[in-house]
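This is the structure, below, for whatever I ask next.
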Amino acid sequence: MLAVLLLALGLRLHGVGFGLPALNDPDEPLFVMTALDMLRDHSLNPGWFGHPATTTLYCLAAIFYLTGAIGIATGRFADAHAFAGAVYADPGIIFLPGRLFIVACGVACVWLIYRIGTRIGDRRLGLLAAFFLAINAVHIEYSQIIRTDVQASVFMLLGTLSAIAIAQDGRRRDYVLAGICVGLACATKWPAAMILASPLCAGLMRWRHERGVPVDLVLLGLVSVATLFVASPYLLLDYPTVLQDLVGEARPVHPGATGAGFLANLAWYVSHPLLRSLGAGGLLLAALGLAGMARDTRIRWAVLPACLAFLVLICSQALLWERWIVPLLPFAALAMAYGLHMAAGAVSRVTRLREGPFAWGAALLLAIPMLHATWTSAEERLHDTRQMAASWVRAHVPPGATILVEHAAFDLFQGPWQLRFPIGSAGCVDVRQALGGRIRYSRVEKLRAGSPVVDIGYVAPARLATCRADYAIFSHYDRYAADGATFGPQLARYRALMRNGEVRANIRPAPGHSSGPDILIIRLR
């Protein structure tokens with residue numbers, strides 16, 4: 001198990017600083033800037049509850065505080081003011097520690113799925129499940145990004161362990177622990193509350209044979225709600241903001257991520273993130289494992305209900321995102337291990353081969369395509385089209401030119417150019433001026449007015465003239481052009497700026513070598 005954990009840690013640390021100081025993930029600044037605002041205001045109110053992400057934001061605030069304190073104590077920064085100035089010039093100072101925290105959560109998931117495997121089976125089942133999760137490409141990718149998905153997975157796995165304990169022993173403390181995990185999971189990411197289905201169903205299973213279970217189920221619900229509001233008290237104290245953020249998150253369309261109904265969304269999740277991270281053989285084995293797990297009473301009542309509820313929830317949404325499948329990846333690894341465990345037992349009965357060597361030999365064969373996907377994904381993240389665009393700018397754009405850019409291109413911040421960035425109703429703002437004023441995320445949220453993306457497509461038409469520049473680096477244009485019927489007004493804003501412009505470069509990702517959006521660099525006139 002130590003070897004598996006070291007493998008998981010090594011794969012998640014490889015390339016963890018991708019993109020820095022530029023910020024390639026569009027949502028990472030949301031969490032980081034919100035945590036910084038909490039520190040700046042000396043407040044426990046995040047002021048944003050879209051995920052709701054409260055536990056993540058509190059952890060990030062603590063990490064950033066320690067980072068600054070250590071920097072000041074060691075003489076790297078003169079004081080808190082100097083630390084803040086350095087962060088706005090080079091976000092990597094705090095983004096890297098934040099990413100390392102998510103890496104730790106990812107490794108914790110590997111350990112916890114091992115614990116679950118040993119509880120429902122034996123040590124080999126737990127090790128196989130941990131091994132498959134350790135090398136899962138999608139899980140590794142989101143273990144390197146400051147988001148809520150992996151941390152929510154930790155609480156969901158802890159809740160699953162408590163649900164198994166309820167199914168096996170039914171002690172009152174197991175209901176209490178399950179409630180705590182449900183509350184923390186929900187305080188991290190709203191859909192993670194679906195983990196409640198597992199301890200609830202495990203308790204209902206025991207209800208048929210024991211007295212006193214209804215009281216324990218009520219206790220489970222009360223502890224869940226109490227933990228949620230203890231962990232995130234401003235869900236009550238600042239409920240108008242909560243309602244506003246929930247409305248903002250419930251969007252029917254999003255460029256490049258609009259779903260097509262339950263069955264189509266389910267097919268996409270299976271054929272894209274699951275197939276990419278498990279491989280064809282692993283996907284078939286996981287299906288076999290799920291069928292076998294459904295025949296075991298404890299697993300059927302204590303593990304599968306939350307998985308099914310979570311899958312139904314994400315497939316029912318109007319949007320679809322690869323990251324939404326992340327909390328299910330540990331359970332997919334467990335299903336793979338269970339299927340392999342079943343296959344090894346069947347082969348042993350027929351051929352008299354030993355189960356252990358066969359199981360691990362098959363696991364290593366299954367690991368080949370998974371590791372290939374993992375390595376390819378890591379290489380693609382390290383060679384992003386946005387960093388290629390920055391290299392093009394350094395080679396071709398003369399000093400003093402004005403550049404309109406749609407992504408957080410901090411790798412151009414120190415260059416001899418004037419940078420402009422679109423922010424909704426404010427139009428396109430001067431980047432140095434905005435960062436010099438230590439812009440708050442609450443200010444950005446107000447200016448974007450609930451728009452799904454901060455880009456040219458959602459700049460107020462009356463402020464489009466502020467976006468004039470010598471060059472433009474468009475990283476979102478192709479997504480609007482691919483669905484012009486839905487995003488006609490947004491596409492019109494791009495074309496108004498591009499009129500009579502000259503395309504100087506079109507940088508596209510090369511599968512297996514680079515990743516990122518299609519980048520269009522235009523010499524504007």
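Scan (1) buried (at least 21 other Cβ atoms within 10 Å of the Cβ); (2) under 21 Å from the mean Cα position of the chain (by Cα) for the single condition residue 68 breaks and write down its number.
(2)
For residue 25, indicate whether it is without any contact (Cβ under 8 Å) to a residue 24 or more places away in the chain and more than 19 Å from residue 231 (Cα to Cα).
no
For residue 32, are the conditions met, namely being out of contact with any strand residue (DSSP E or B) (no Cβ under 9 Å at 6 or more places or on another chain) and assigned to a helix (DSSP H, G or I)?
Against the criterion (out of contact with any strand residue (DSSP E or B) (no Cβ under 9 Å at 6 or more places or on another chain) and assigned to a helix (DSSP H, G or I)), residue 32 does not qualify.
Here are some conditions: (1) at pLDDT below 90; (2) surrounded by 20 or more Cβ atoms within 10 Å (Cβ to Cβ). Residue 422 meets all but one. Which one does it not meet?
(1)
Determine, yes or no, whether residue 364 is out of contact with any Ser or Thr (no Cβ under 9 Å at 6 or more places or on another chain) and of a type outside the set (Val, Ile, Thr).
yes
Tally the residues that are among the hydrophobic types (A, V, I, L, M, F, W, C) and open to solvent by less than 20 Å² (accessible area, probe 1.4 Å), restricting the search to segment 5-27.
Of the residues in that region, 5 qualify.
Would you call residue 49 in contact with a Cys (Cβ under 8 Å, 6 or more places away or on another chain) and over 24 Å from residue 383 (Cβ atoms)?
no
Next up: How many residues does segment 185-206 contain that are over 19 Å from residue 315 (Cβ atoms) and either among the small types (Gly, Ala, Ser) or not in a helix (DSSP H, G or I) (or both)?
Counting residues in segment 185-206 that are over 19 Å from residue 315 (Cβ atoms) and either among the small types (Gly, Ala, Ser) or not in a helix (DSSP H, G or I) (or both) gives 4.
Right, another one. Count, please, the residues in segment 362-382 that happen to be surrounded by fewer than 17 Cβ atoms within 10 Å (Cβ to Cβ) and either closer than 19 Å to residue 22 by Cβ or acidic (Asp, Glu) (or both).
2
A follow-up question, please. Within the bounds of segment 135-146, is there any residue that is open to solvent by 10 Å² or more (accessible area, probe 1.4 Å) and more than 21 Å from residue 12 (Cα to Cα)?
no
Then there's this: Restricting to segment 34-45, count the residues that are open to solvent by 40 Å² or more (accessible area, probe 1.4 Å) and in contact (Cβ under 8 Å) with a residue 12 or more places away in the chain.
Going through segment 34-45 one residue at a time, the tally reaches 4.
Check segment 217-224 and report whether any residue there is within 18 Å of residue 321 (Cα to Cα) and either more than 21 Å from the chain's Cα centre (by Cα) or touching a residue at least 40 places away in the same chain (Cβ under 8 Å) (or both).
No, there is no match, as no residue in segment 217-224 is within 18 Å of residue 321 (Cα to Cα) and either more than 21 Å from the chain's Cα centre (by Cα) or touching a residue at least 40 places away in the same chain (Cβ under 8 Å) (or both).
While we're looking at this one, here's another question. Kindly check whether there is at least one residue in segment 402-411 that is within 17 Å of residue 517 (Cβ to Cβ), open to solvent by less than 10 Å² (accessible area, probe 1.4 Å) and charged (D, E, K, R).
Yes: one or more hits.
Here's a follow-up. Give all pairs with beta carbons closer than 7 Å in which a residue from segment 85-109 that is of a type in the set (Phe, Trp, Tyr) meets a residue that is open to solvent by 20 Å² or more (accessible area, probe 1.4 Å) and in a loop (DSSP other than H, G, I, E, B); count only pairs at least 6 apart in sequence or on separate chains.
Going by the 7 Å Cβ cut-off, the qualifying pairs are 88/438; 95/20.
Can you name the residue in segment 77-117 that is open to solvent by 20 Å² or more (accessible area, probe 1.4 Å) and not hydrophobic (A, V, I, L, M, F, W, C) and, of all such residues, is nearest to residue 165 (Cα to Cα)?
In this case the residue turns out to be 115.
Could you check segment 451-465 and list, in sequence order, the residues that are over 29 Å from the mean Cα position of the chain (by Cα) and either surrounded by 16 or more Cβ atoms within 10 Å (Cβ to Cβ) or within 30 Å of residue 246 (Cβ to Cβ) (or both)?
Result: 460, 461, 462, 463, 464.
Condition check: at negative phi, in a helix (DSSP H, G or I), at pLDDT below 95 and within 32 Å of the chain's Cα centre (by Cα). Does residue 359 satisfy that?
Against the criterion (at negative phi, in a helix (DSSP H, G or I), at pLDDT below 95 and within 32 Å of the chain's Cα centre (by Cα)), residue 359 qualifies.
Being at pLDDT 85 or above, surrounded by fewer than 22 Cβ atoms within 10 Å (Cβ to Cβ) and not acidic (Asp, Glu) is true for just one of 448, 443, 438, 468. Which residue is that?
It is 468.
Now for a separate question. Quick check on residue 390: is it open to solvent by less than 10 Å² (accessible area, probe 1.4 Å) and either under 30 Å from residue 131 (Cβ atoms) or among the hydrophobic types (A, V, I, L, M, F, W, C) (or both)?
yes
Let me ask something else. Any idea which of 253, 242 is in contact (Cβ under 8 Å) with a residue 12 or more places away in the chain and touching a helix residue (DSSP H, G or I) at 6+ places or on another chain (Cβ under 9 Å)?
242
Further, regarding this structure: Might you let me know whether segment 492-500 holds any residue that is closer than 28 Å to residue 246 by Cβ and either open to solvent by 30 Å² or more (accessible area, probe 1.4 Å) or part of a helix (DSSP H, G or I) (or both)?
yes
If I filter segment 40-56 for residues that are among the aliphatic types (A, V, I, L, M) and closer than 28 Å to residue 409 by Cβ, do I get at least one hit?
Within segment 40-56, one or more residues are among the aliphatic types (A, V, I, L, M) and closer than 28 Å to residue 409 by Cβ.
Within segment 119-164, work out how many residues are of a type in the set (Asp, Glu) and modelled with pLDDT under 95.
1
In this structure, does residue 48 turn out to be of a type in the set (Phe, Trp, Tyr), buried (at least 16 other Cβ atoms within 10 Å of the Cβ) and not in a helix (DSSP H, G or I)?
In short, yes.
The values are calculated or read from the model by the stated rules, or taken from the named source; none is laboratory data. Nothing here was measured: the structure is a model prediction, and the numbers come from that model. Please note: Cβ atoms are built from the backbone with ideal geometry, for glycine as well, and neighbour counts cover all protein chains shown. Note: accessible area is taken over every heavy atom of the protein model, side chains too, but ligands, DNA and RNA are not part of it. Shrake-Rupley method; radii C 1.70, N 1.55, O 1.52, S 1.80 Å.
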